[in-house]
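S.K.: What follows is a single structure, and I will ask about it in a moment.
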Amino acid sequence: MELSKVMRTSGAVREFTADDQVQPSVLYRVLDNARFAPSGGNQQGWHVTVVRDPTLRRRLADLSVAAFRRYVAEQSAGYRAFSVVDPAPTDVEIPDGIPIDQMLAAIENAPEVLVVTVDLRTLAVLDRDLDRPSIVGGASIYPFVQNILLAARDEGLGGAVSTFVVAGEPEAALLLNLPRGHAIAAMIQLGRPLHQVTRLTRHPVESFATVDRFDGDVLSSGGRARTS
Ligand SMILES: Cc1cc2nc3c(=O)[nH]c(=O)nc-3n(C[C@H](O)[C@H](O)[C@H](O)COP(=O)(O)O)c2cc1C
């Protein structure tokens with residue numbers, strides 16, 4: 001596939017065809033392409049655990065549920081869930097009846113479930129001393145995660161990233177025998193899409209790209225934007 005088409009159609013896939021397993025050679029090729037992702041200092045601190053044991057999947061799914069419930073509760077109460085800028089009060093009521101079945105089933109039934117972790121010792125976290133949550137550390141692992149999704153799309157597969165399990169990292173680490181100092185970046189479900197998305201909804205370039213200043217001229221497609 002054309003790279004631009006891959007990029008423009010790699011939407012989140014949460015439903016997979018029941019019969020199609022991901023061939024081992026295909027999964028291998030996905031990771032073999034994804035590994036060309038950039039990382040700070042080319043440290044490549046990633047590790048992929050392919051979780052196939054149903055019991056393990058179930059326990060990782062259960063760990064995801066607690067954060068999912070809180071996410072839905074905070075959103076229902078009108079907050080941006082898990083915001084670090086404007087966090088919801090800790091005592092937001094978690095209503096009964098939050099539908100978790102679909103989410104649990106997605107993790108249990110996906111043809112492949114990958115847990116992507118990173119060795120924290122490999123990261124140069126340039127914003128570690130700033131008075132805000134760090135964002136730079138993730139920059140050495142999430143390009144790899146995105147590459148997995150792009151490589152999967154190129155193979156006719158699809159996937160969705162999930163980070164709920166990270167909220168239960170201490171317990172998940174025990175389940176996965178994660179060495180000390182390694183962190184979970186994402187869980188990815190992979191398989192053959194039940195429906196292939198052909199058109200994603202995204203904001204146009206004009207809504208986020210400016211020249212010289214954050215509030216500068218909107219970047220135009222006709223070459224350099226005017227600066228006055
Ligand atoms: C950090 C991150 C966490 C995400 N967590 C979930 C998740 O837990 N469950 C899920 O179904 N999708 C998850 N997604 C997928 C997003 O919902 C998806 O990228 C977004 O809604 C756009 O959907 P589209 O690509 O189908 O247009 C996550 C994506 C990212 C980047």
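The values are calculated or read from the model by the stated rules, or taken from the named source; none is laboratory data. Small disclaimer: the values here were computed from a predicted structure and weren't measured. Cβ placement follows ideal geometry from the backbone for every residue including glycine, while neighbour counts extend to all protein chains displayed. In case anyone asks, the SASA skips ligands and DNA or RNA and just uses the protein heavy atoms, side chains included. Shrake-Rupley method; radii C 1.70, N 1.55, O 1.52, S 1.80 Å.
S.K.: Counting other Cβ atoms within 10 Å, which chymotrypsin sites (Phe, Trp or Tyr not before Pro) in the range 5-54 have at most 13 and lie in a DSSP loop?
M.R.: Of the chymotrypsin sites (Phe, Trp or Tyr not before Pro), the ones in loops of the range 5-54 whose Cβ has at most 13 other Cβ atoms within 10 Å are F36.
S.K.: Would you tell me the accessible area of M187, worked out with a 1.4 angstrom probe on the heavy atoms of the protein chains, in Å² to the nearest 10?
M.R.: 0 Å²
S.K.: Still on this structure, please answer the following. At V85 and E171, where each label point lies 7 Å from the Cα along Cα→Cβ, what is the point-to-point distance in nanometres?
M.R.: 3.1 nm
S.K.: Order D119, D131, D101, D217, most accessible first, counting only protein heavy atoms with a 1.4 angstrom probe.
M.R.: Values: D119 20, D131 155, D101 115, D217 55 Å².
Largest to smallest exposure gives the sequence D131, D101, D217, D119.
S.K.: Additional query: Determine the order of R213, R58 by accessible area, beginning with the largest, at a probe radius of 1.4 Å.
M.R.: Of R213, R58, the descending order of accessible area is R213, R58.
S.K.: If each of D20 and V218 carries a label point 7 Å out from its Cα toward its Cβ, how far apart are those two points in nm?
M.R.: Using points 7 Å along Cα→Cβ, the separation is 3.8 nm.
S.K.: Hey, what number do you get for the chain at 222 nm if only DSSP H runs of n ≥ 4 count, each worth -39500 (n - 2.57), divided across all residues, to the nearest 500? All intermediate terms of the calculation are to be shown ahead of the outcome.
M.R.: Details: 6 runs with 71 residues, N = 228.
Counting only the DSSP helices, I get -9500 deg cm²/dmol.
S.K.: Then there is this: Over the chain, what percent of the accessible surface lies on carbon and sulfur atoms, probe 1.4 Å? The partial results should precede the final answer.
M.R.: Numbers: 7480 of 14520 Å².
The nonpolar share, carbon plus sulfur, comes to 52 percent.
S.K.: Could you report the accessible area of R132 in Å², rounded to 10, computed with a 1.4 Å probe on the protein chains as they sit in the structure?
M.R.: 110 Å²
S.K.: At most 10 other Cβ atoms within 10 Å and a DSSP loop assignment: could you name the GluC sites (Glu not before Pro) in the range 23-131 that fit?
M.R.: E93
S.K.: Report the relative contact order of the range 3-195, percent, no decimals, based on alpha-carbon pairs under 8 angstrom and at least 6 residues apart.
M.R.: The value is 38 percent.
S.K.: If the only charges are +1 at each Lys and Arg Cβ and -1 at each Asp and Glu Cβ, what is the size of the charge dipole of the range 3-195 around the Cα centre, to the nearest 20 debye? Walk me through the intermediate numbers first.
M.R.: Working: 18 positive and 22 negative charges, 108 e Å.
Approximately 520 debye in magnitude.
S.K.: Nearest 0.05, what FRET efficiency do V50 and E93 give at R0 = 30 Å with Cβ-Cβ as r?
M.R.: The computed FRET efficiency comes out at 0.20.
S.K.: If you don't mind, another one. Please say if the chain is rounded, prolate or oblate, where rounded means a/c under 1.5 for a ≥ b ≥ c the square roots of the C-alpha gyration tensor eigenvalues, and otherwise the choice is prolate for a/b larger than b/c and oblate otherwise?
M.R.: Cα axes put the chain in the rounded bin.
S.K.: Further, regarding this structure: Kindly report the accessible area of the range 3-195 per residue (heavy atoms of protein chains, probe 1.4 Å, no ligands, DNA or RNA), in Å².
M.R.: Details: 11040 Å² over 193 residues.
With the other protein chains kept in place, the range 3-195 gives 57 Å² per residue.
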